[in-house]
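A.B. asks: Quick one: the structure is below, questions incoming.
The values are calculated or read from the model by the stated rules, or taken from the named source; none is laboratory data. Treat the numbers as computed from the prediction; the structure is a model and nothing was measured. Every residue, glycine as well, gets a Cβ built from its backbone with ideal geometry; the counts of neighbours run over all protein chains shown. These accessible areas exclude ligands, DNA and RNA; they are computed on the full protein's heavy atoms, side chains included. Shrake-Rupley method; radii C 1.70, N 1.55, O 1.52, S 1.80 Å.
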Amino acid sequence: GSRQPSDHPRQFQRLHVHWCPGAALRGQLRVLRHHVGIEPAARLLGELEQLIADPDAWLVEMDRFGIEVLARQPQPLRAFLLRTSILQRLSASLCDALLETDNSAEVLVELERANLFLVPLDEVRGWWRYHHLFADLLRARLAREQPERVPELHTSAAAWSAPRHPGRRSSAPSAPAP
């Protein structure tokens, strides 16, 4: 018989998680056809529809795409992305404290403007988060490339958060190991 979402809840859930970004990419490809022509845009759209239909292929392709996006970034921006990936929510002041810098507001605006998987969490653009798939990729890359930095970054995030949000967990996904 036909497959119903209730027959395969995990597969349906994984597909649902990827459907929204896929639909957004599909819309962007429709706009892209005016720039690259109908043939290349149609080919890309066909490939995208195949990926959306196969959640495992979608995950592999998104990982490959995320790695490529990260590799194309200048080193300072790449470092920003990796080190702030430990945060569930990002603000300019939190990123500044975490990175010991004073330009995070500009970087966050530029990341959003460049569509680098940064999602605003409020209308005033005071808080953002990374798209969850991109954040997972960044955290895995950080753990692989700079494992010694991970506990330091969690400690810094917790130190910034504690006086601002007493009794509340930090913006980091998990507390550092003791």
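A.B. asks: Please enumerate the residues belonging to region 119-137 that are free of Cβ contacts under 8 Å to residues at least 40 places away in the same chain and within 13 Å of LEU82 (Cα to Cα).
C.D. replies: ASP136
A.B. asks: Filter region 66-100 for residues that are part of a loop (DSSP other than H, G, I, E, B), open to solvent by less than 50 Å² (accessible area, probe 1.4 Å) and not hydrophobic (A, V, I, L, M, F, W, C); which is nearest to VAL124 (Cα to Cα)?
C.D. replies: Per the stated criteria, the residue is SER91.
A.B. asks: Considering only residues that are open to solvent by less than 80 Å² (accessible area, probe 1.4 Å) and either under 19 Å from SER161 (Cα atoms) or free of Cβ contacts under 8 Å to residues at least 40 places away in the same chain (or both), which ones fall in region 101-116?
C.D. replies: If the condition is that a residue be open to solvent by less than 80 Å² (accessible area, probe 1.4 Å) and either under 19 Å from SER161 (Cα atoms) or free of Cβ contacts under 8 Å to residues at least 40 places away in the same chain (or both), then THR101, ASN103, SER104, ALA105, VAL107, LEU108, VAL109, LEU111, GLU112, ALA114 are the ones that fit.
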